[in-house]
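One structure is given below, encoded as structure tokens.
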Amino acid sequence: MRFLNVLRRYRQSFDDQDDHLLKILVSKDALLHNAHQFRLLFPHHTIGAVLKSNAYGHGLALMGRFWDRHDGIGKIIVDSLVEAELLRNNGVKKPILILGHVPFARIRDVAGVKPVAIGVNSFGQALWLADRVRFPLAVHIKVDTGMHRQGVFVGELAKTIEALRSNRRIRIEGLMSHLADADSFGGGPYTSEQLARWRQAVDGFRRYIRGGELHFSATAGTRYIANGANTMIRAGIGLYGFDTTQDLRLGVRPALSLHAKIVGAKIVSRNGGVGYNVTFRAPNDMAVAIVPCGYYEGVPRALSNRGCMYYHDTPLPIIGRVSMNMSTIDISAVQTPLHLEDEVEVFSTDPAKKNSIAWVAGSCDTIPYEILVRLAPTIRRVIA
């Protein structure tokens, strides 16, 4: 009877000006703390803030503006020209590095987002740029030291440099690589092989280019920065609070939480089914609530009947199938009446909670990256 009042009482929240059912909060304190940790641990390196994939789900424009104002961040790093253009359109001024391939048909548009450099990821791309570029263009050459995705092999580096230098409008600004197994405890031997190739590549690069930026380390690779020449760290997941180093040495804190307002509540009678395929039946009369957040919004379907959300410190199990835009939660444990548009915490910044990004990722047999980047871009994001 207690929760029948949910359907009878519609509380008017005149003091709440937020008209969104969902919101992502990004903790300013956590972001500042994480940036401070990188600066503290790596005082002699440029810290490049990686904003690819909607800034790891935190919001491309939002994070772009935030890091643009932060003195400890020297460069903004993205995957695509589209991302770079969006940042410039949102007032971001810092130098940008585009890691991914820029379509040949759009290469002239790179000049519109300067200061910018693009990645050269193959010898064929270098030849095309050398033949076609008619405006000043800065590039970072990617060398494949063992990841075997993008990049020229070490043996191709000299001819790649020579091809690019044949066009006087092209300025080779840096050399980069990426470690394939830096986050694995068993990755030592393979990483050592990559770093040996990196040192070889740097020696070859120095025969042609003095100075320039050298970078092979993302967050996980920071453990190895003493093992090869480098001037910049590509800080992605670490800036947002996830330590992927083997020894968890960064001391960073998760910044993102997701919150949703209840849009429905009812009493499900004993043995009543919940959701598609009736994968849950109520063991007794129980109070449930509907949250407008499903697998489109970023709640993995794998959390069906196993995940939970929170009302303050009370866990609320997800029952039945997670739907495309809705999830059902058991609110029987809440001691005070819940009302329409009361707020629950879908994902938490607290690693100890069972709705933290890390816990959710582990429960779904994946990694925090995947949970974060699948948060719908339509959800309102706020730095708080």
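The values are calculated or read from the model by the stated rules, or taken from the named source; none is laboratory data. Given the structure is predicted, the values throughout are model-derived calculations rather than measurements. In this analysis, Cβ positions are derived from the backbone assuming ideal geometry, glycine residues included, and neighbour counts consider all displayed protein chains.
Checked against (1) crowded, with 20+ Cβ neighbours inside 10 Å; (2) at pLDDT 95 or above, R223 meets all criteria but (2). Please indicate, with yes or no, whether at least one residue in segment 290-302 is of a type in the set (S, T, Y), closer than 30 Å to H215 by Cβ and in contact (Cβ under 8 Å) with a residue 60 or more places away in the chain. The answer is no, given that none of the residues of segment 290-302 is of a type in the set (S, T, Y), closer than 30 Å to H215 by Cβ and in contact (Cβ under 8 Å) with a residue 60 or more places away in the chain.
So, in segment 113-136, of the ones that are of a type in the set (G, A, S) and surrounded by 13 or more Cβ atoms within 10 Å (Cβ to Cβ), which residue ends up nearest to T46 (Cα to Cα)? Among those residues, the one meeting the criterion is A117.
If we scan segment 261-268, do we find a residue that is touching a Cys at 6+ places or on another chain (Cβ under 8 Å), of a type outside the set (V, I, T) and not in a loop (DSSP other than H, G, I, E, B)? No, the conditions are met nowhere in segment 261-268. Within segment 163-188, the set of residues being surrounded by fewer than 16 Cβ atoms within 10 Å (Cβ to Cβ) and touching a Phe, Trp or Tyr at 6+ places or on another chain (Cβ under 8 Å) comprises R165, R169. Every test in (1) assigned by TED's automatic domain parsing to the domain that holds L338; (2) more than 15 Å from S332 (Cα to Cα) is passed by D243 save one, and that test is (1). Put simply, of L62, L21, L51, L25 the only residue that is surrounded by 15 or more Cβ atoms within 10 Å (Cβ to Cβ), modelled with pLDDT of 95 or more and in contact with a Gly (Cβ under 8 Å, 6 or more places away or on another chain) is L51.
Taken over segment 17-46, the criterion of being more than 16 Å from the chain's Cα centre (by Cα), farther than 18 Å from S257 by Cα and touching a residue at least 60 places away in the same chain (Cβ under 8 Å) is satisfied by Q37, F38, L41, F42, H45, T46.
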